[in-house]
Number of protein chains: 2
Amino acid sequence: LSTEHEPLPPARPGPDMSPDEFRRYGHQVVDWIAEFLAHPERHRVLPAVRPGEVSAALPASPPAEGEAMDGILRDFEDVIVPGLTQWNHPGFLAYFANTASGPGILGEMLTAAVNNNAMLWRTGPSATELEDRALDWMRQMMGLPDAFRGTIQDTASISTLVAVCAAREATGLQIRDEGLGGRGLPRLRMYCSEEAHSSVERAGIVAGIGRAGTRTIPTDAEFRMDPAALERAIAEDAAAGWKPFCVVATVGTTSTTSIDPVPAIADVCERHGLWLHVDAAYGGAAAVVPEMRGVLEGCERADTLVVNPHKWLFVPMDLSALYARDPQAIRRAFSLVPAYLHTAEGASVTNLMDYGPALGKRFRALKLWMTLRYFGARGFASRIREHLRLARDFAAWIDADPAWERMAPVPFSLVLYRHRPAGVASEAALDAHNERLMDAVNATGEVFVSHTRVRGRFALRLAIGNLRTDEATIRRAWQILREAAAGLG
Amino acid sequence: LSTEHEPLPPARPGPDMSPDEFRRYGHQVVDWIAEFLAHPERHRVLPAVRPGEVSAALPASPPAEGEAMDGILRDFEDVIVPGLTQWNHPGFLAYFANTASGPGILGEMLTAAVNNNAMLWRTGPSATELEDRALDWMRQMMGLPDAFRGTIQDTASISTLVAVCAAREATGLQIRDEGLGGRGLPRLRMYCSEEAHSSVERAGIVAGIGRAGTRTIPTDAEFRMDPAALERAIAEDAAAGWKPFCVVATVGTTSTTSIDPVPAIADVCERHGLWLHVDAAYGGAAAVVPEMRGVLEGCERADTLVVNPHKWLFVPMDLSALYARDPQAIRRAFSLVPAYLHTAEGASVTNLMDYGPALGKRFRALKLWMTLRYFGARGFASRIREHLRLARDFAAWIDADPAWERMAPVPFSLVLYRHRPAGVASEAALDAHNERLMDAVNATGEVFVSHTRVRGRFALRLAIGNLRTDEATIRRAWQILREAAAGLG
């Protein structure tokens with residue numbers, strides 16, 4: 001970070017950095033961020049560091065005396081930045097690409113400064129009420145039912161864990177009070193497709209039903225859960241003594257962004273009295289585009305639904321929104337109020353600590369509210385529509401070139417594909433070839449693509465989700481891919 | 001926020017806010033934060049809003065079109081700020097007071113901008129390696145064993161949940177794979193003192209052992225777990241068919257900051273083969289003061305230990321550090337690697353997604369590293385030492401005044417006390433009197449104190465943990481308390 005002044009010594013022996021010192025370095029950091037946003041080309045998307053290299057540049061022991069901020073910021077630039085994978089870069093096309101937008105970063109700055117812990121309404125009235133309001137705005141933008149109420153969790157993994165705990169409690173088996181074990185209860189089982197995210201299985205592990213407590217259901221040719229197979233599995237399990245309790249449907253699976261047939265799954269849940277949780281962590285965002293609203297068809301019948309503003313709604317990490325048709329079902333699964341947290345407001349207000357596994361609650365709603373206002377509903381729709389268009393264009397280029405093969409449909413902004421040169425015959429050789437291709441592309445530092453396995457086959461991912469990714473980025477990525485493929489011979 | 005220029009329109013139809021626009025509003029926000037830090041007296045600590053008031057000032061629907069940042073920041077000041085409980089205020093003396101220090105806020109700004117999701121080493125080499133290094137610095141500052149390795153979780157509740165899941169897995173009962181229920185396993189039970197934090201019981205609920213799976217152990221006159229009673233409870237439970245698996249000892253309980261006798265508890269755990277988790281979320285920070293290191297006596301024998309830099313180490317919400325003697329025990333409880341997250345580095349590197357319930361991982365280590373460097377080990381020690389001195393002084397004032405009564409020892413920076421006027425005789429009347437007193441004090445807006453129950457009796461808390469809380473703050477708080485008491489007649 002540029003230094004045009006004499007370094008200030010650290011606060012010593014005064015309490016905190018002085019407001020004047022904060023102002024000086026705050027301006028420097030803002031200027032650094034503005035440059036960082038203006039010149040992504042100065043940074044490799046996937047860094048060139050080897051494991052242990054960053055560590056080796058950091059002293060083994062903490063400094064005994066405080067250090068000046070100039071040196072700390074210099075080390076940030078010299079040691080930390082070269083080892084950052086640049087998620088907030090237009091060339092980031094891996095996993096699910098996301099964005100820390102300008103208004104979102106400004107929101108994080110204010111959140112850090114006011115440092116609210118909104119565990120109780122009393123400890124954060126604005127944080128509590130803004131969370132409710134901002135999530136209701138999002139709900140309207142996605143066309144979800146009026147009755148749905150949202151709370152903010154940190155990640156979709158935790159949102160899904162919360163949903164699973166609520167579903168577990170909704171069995172009426174008194175699991176919150178008495179636990180799962182040693183009571184002669186049947187084993188609980190939940191269902192998701194074989195394409196569902198690992199966070200579903202992980203939620204089952206944490207919640208004590210174990211990996212065996214999650215059964216995966218086969219998918220059709222387009223990677224969508226087969227509702228008939230789901231129904232058969234439930235019947236089979238019930239006959240074998242299991243207690244089915246929950247189905248997790250996905251709108252936008254991680255591997256292929258397939259969309260499970262939620263209406264048919266909701267029918268199954270209704271017939272068998274099962275909790276329906278929808279993982280729309282990535283795909284839900286697309287519903288803010290009016291002509292895409294159909295992706296959430298059937299979700300109005302869900303008990304809970306998660307969508308992540310930090311994925312495709314331009315909000316910095318982390319912020320996951322969990323909607324519930326009956327928020328009291330979540331409260332019943334979690335609420336515990338020790339004496340030191342009783343307040344005069346009591347049950348007349350929402351105390352956010354009652355709605356998840358954590359007591360402490362960061363003021364995450366601020367960045368969401370600022371981002372929603374800055375772009376507006378139509379602004380979100382036009383930007384996401386553009387991402388969808390770019391993905392369709394890229395898919396069309398793949399389809400038009402006989403040396404390339406598309407590996408899955410493109411319902412959203414992710415394209416799965418592989419290079420299929422004439423000389424490479426076996427599937428195993430194709431896998432190895434495409435893995436080498438991925439490494440060659442990523443070695444350029446200009447773009448970063450990741451991979452998955454589709455029905456066992458290695459497939460490259462091109463994921464569009466960063467606000468500053470534009471047509472030029474995607475054209476350049478296509479060029480790099482073809483050049484790298486040619487280079488592999 | 002002051003506006004000395006023509007408002008800029010929002011990004012329309014361009015992708016994100018432009019770097020120039022970010023620079024302009026970033027400087028404005030930094031200036032606002034500097035003023036906010038310079039003039040805490042301009043803000044009520046506990047706001048004067050009533051439930052629903054903030055909500056009512058917010059439109060019911062999201063804006064269709066994007067809005068200019070000027071108006072958004074103006075609403076932040078006019079609508080959000082008046083409803084903030086000011087945690088980052090020197091007069092915040094409630095719960096456990098904390099600090100978003102200057103270097104910590106600067107760290108949050110950079111974290112937001114680079115927006116790393118360090119789920120894998122590959123997706124955040126610097127974030128992964130800095131997390132390990134910064135937590136090792138903290139370990140050294142607290143005098144914990146070399147073998148302890150830390151990971152960052154968001155809150156102590158989640159750190160304790162992770163510890164409980166690791167302990168559950170360490171039973172060897174294959175709970176991660178097969179779950180707790182319907183297998184003829186005995187019911188699991190863990191132990192903590194009756195003064196332990198509600199997060200222990202909540203972790204048990206989430207992990208599926210239920211509230212019944214946590215047994216609370218009586219405490220001595222100084223609110224410390226009775227190890228003999230612990231041992232009797234374990235024996236009793238084992239005889240009754242329970243499977244004891246974990247003990248949670250606390251260094252600095254939430255209600256009274258008592259310190260459980262960890263060495264004796266470690267002996268019990270050793271004899272019975274139980275996992276020892278230490279909740280030092282608040283108290284652990286004191287160990288950075290050399291003459292206070294004894295508070296962690298026996299903790300070198302813990303399996304896991306949590307300490308929260310966002311509590312008393314001047315780091316903004318949220319950041320909880322979970323140390324483990326054998327990090328692989330945590331990994332065994334959580335790790336799941338789907339195809340789309342396989343990387344070439346494989347198991348040769350740390351992938352942070354393997355060490356907790358969440359996959360997504362914010363770059364929290366940066367603010368910790370910047371804060372540790374800015375203050376240095378001695379800087380932390382001198383500031384925490386001053387907080388300890390202020391608490392002792394306040395306790396001495398309480399002790400010296402016959403109209404006031406201290407309700408618990410003061411091992412750290414929290415003082416429990418109540419007003420005991422001559423005319424109020426019954427305990428119930430004293431409770432009501434002190435609750436009114438608390439409300440009167442908080443109504444001033446100058447300081448914010450909270451309460452707890454000590455052996456059933458209402459006690460006021462004075463918690464010192466904000467960097468800018470100084471002797472003048474505490475003297476003023478004492479004056480306000482006495483004036484409010486006099487005003488109640």
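The values are calculated or read from the model by the stated rules, or taken from the named source; none is laboratory data. What you are looking at is a predicted structure, and each value in this text was computed from that prediction instead of being measured. All Cβ positions, even for glycine, are placed from backbone atoms using ideal geometry, and neighbour counts span all protein chains on display. Remember, those area values only see protein heavy atoms, side chains included, never the ligands or the DNA or RNA. Shrake-Rupley method; radii C 1.70, N 1.55, O 1.52, S 1.80 Å.
Return the carbon/sulfur percentage of the accessible area of the stretch A:236-384, one whole number, probe 1.4 Å, all protein chains in place.
51 percent
Say each of B:Ala396 and A:Glu435 gets a label point 7 Å from the Cα, pointing the same way as Cα to Cβ; how far apart are those two points in nm?
6.9 nm
Per 0.36 nm of contour for each residue apart, how much would the distance between A:Asp146 and A:Ala239 grow if the chain were fully extended, relative to their Cα-Cα spacing?
29.7 nm
How many Å² of accessible area per residue for chain A, probe 1.4 Å?
31 Å²
At 1.306 mPa s and 10 °C, plugging the Kirkwood radius over alpha-carbon pairs of the stretch B:144-243 into Stokes-Einstein gives what diffusion coefficient in µm²/s?
107 µm²/s
From the Cα gyration tensor of the stretch A:249-374, with a ≥ b ≥ c the square roots of its eigenvalues, which class applies: rounded if a/c is under 1.5, or else prolate if a/b is larger than b/c, or else oblate?
Oblate shape, in that a/c is at least 1.5 and b/c is the bigger or equal ratio.
Rounded to the nearest 20 Debye, what is the dipole magnitude of the stretch B:352-405 about its Cα centre when Lys and Arg each give +1 and Asp and Glu each give -1 at the C-beta?
640 debye
Which FRET efficiency, nearest 0.05, do A:Arg420 and A:Ala229 yield, Cβ-Cβ r, R0 35 Å?
0.70
Per the 1.4 Å probe, what fraction of the accessible area of the stretch A:434-476, in percent, lies on carbon and sulfur atoms?
48 percent
Any residues in the stretch B:18-46 that have 50 Å² or more less accessible area with all protein chains than in their chain alone, probe 1.4 Å, and which are they?
B:Pro19, B:Phe22, B:Arg23, B:His27, B:Val29, B:Val30, B:Ala34
Which percent of the accessible area of the stretch B:102-196 is formed by carbon and sulfur heavy atoms (probe 1.4 angstrom)?
Ligands and nucleic acids excluded, carbon and sulfur reach 39 percent.
What's the magnitude of the charge dipole for the protein assembly as shown around its Cα centre, counting Lys and Arg as +1 and Asp and Glu as -1 at the beta-carbon? Answer in Debye, nearest 20.
1520 debye
Taking the dipole about the Cα centre of the protein assembly as shown, with the C-beta of Lys and Arg at +1 and of Asp and Glu at -1, give me whichever of A:Gly213, A:Gln86, B:Pro40 is farthest to the positive side.
A:Gly213
With a ≥ b ≥ c the root eigenvalues of the C-alpha gyration tensor of chain B, is it rounded (a/c under 1.5), prolate (a/b larger than b/c) or oblate?
Cα axes put chain B in the oblate bin.
Under 17 Å from a label point 7 Å along Cα→Cβ of B:Arg332: give me every residue in the stretch B:173-199 with its amide N that close.
B:173-180
Counting protein heavy atoms only and a 1.4 angstrom probe, how many square angstrom of accessible surface do chains B and A bury in total, to the nearest 100?
Heavy-atom accessible area buried at this interface is about 14600 Å².
Hey, which residue of A has the C-beta nearest the axis mapping A onto B, and what's the distance in Å?
That would be A:Gly208, 1, residue then distance in Å.
May I ask you to list, by number, the DSSP H helices of chain B whose Cα span along the axis is at least 30 Å and whose average Kyte-Doolittle hydropathy reaches -1.0 or more?
Those that clear 30 Å and a mean of -1.0 are B:365-400.
Mind listing, in residue-number order, the residues in the stretch B:78-109 that have at least 40 Å² less accessible area with every protein chain present than in their own chain alone (1.4 Å probe)?
SASA drop of 40 Å² or more in the stretch B:78-109: B:Ile80, B:Leu84, B:Thr85, B:Trp87, B:Tyr95, B:Leu106, B:Met109.
Going by the alpha-carbon gyration tensor, a ≥ b ≥ c the square roots of its eigenvalues, is the stretch B:375-489 rounded (a/c under 1.5) or, if a/c is not under 1.5, prolate (a/b greater than b/c) versus oblate?
prolate
Of B:Ala57, B:Gly102, B:Leu73, which is farthest along the charge dipole of the stretch B:23-122 in the positive direction, counting Lys and Arg as +1 and Asp and Glu as -1 at C-beta?
Highest projection toward the positive end goes to B:Gly102.
About its Cα centre, how strong a charge dipole does chain B have in debye, to the nearest 20, once Lys and Arg get +1 and Asp and Glu get -1 at the Cβ?
In total the dipole reaches around 900 debye.
Are there residues in the stretch B:365-380 whose accessible area shrinks by at least 10 Å² when all protein chains are included rather than the chain by itself, and which are they (probe 1.4 Å, ligands and nucleic acids not counted)?
With the partner chains in place, the stretch B:365-380 has these residues losing at least 10 Å²: B:Leu366, B:Trp369, B:Met370, B:Arg373, B:Tyr374, B:Phe375, B:Gly376, B:Ala377, B:Arg378.
Can you tell me what the convex hull of the Cα atoms of the protein assembly as shown projects to on average, as an area in nm²?
Result: 36.8 nm².
How far is B:Gly52 from the same spot in each other copy, in nm, shortest first, if each label point sits 7 Å from Cα toward Cβ?
For B:Gly52, the inter-copy label distances come out at 6.4 nm.
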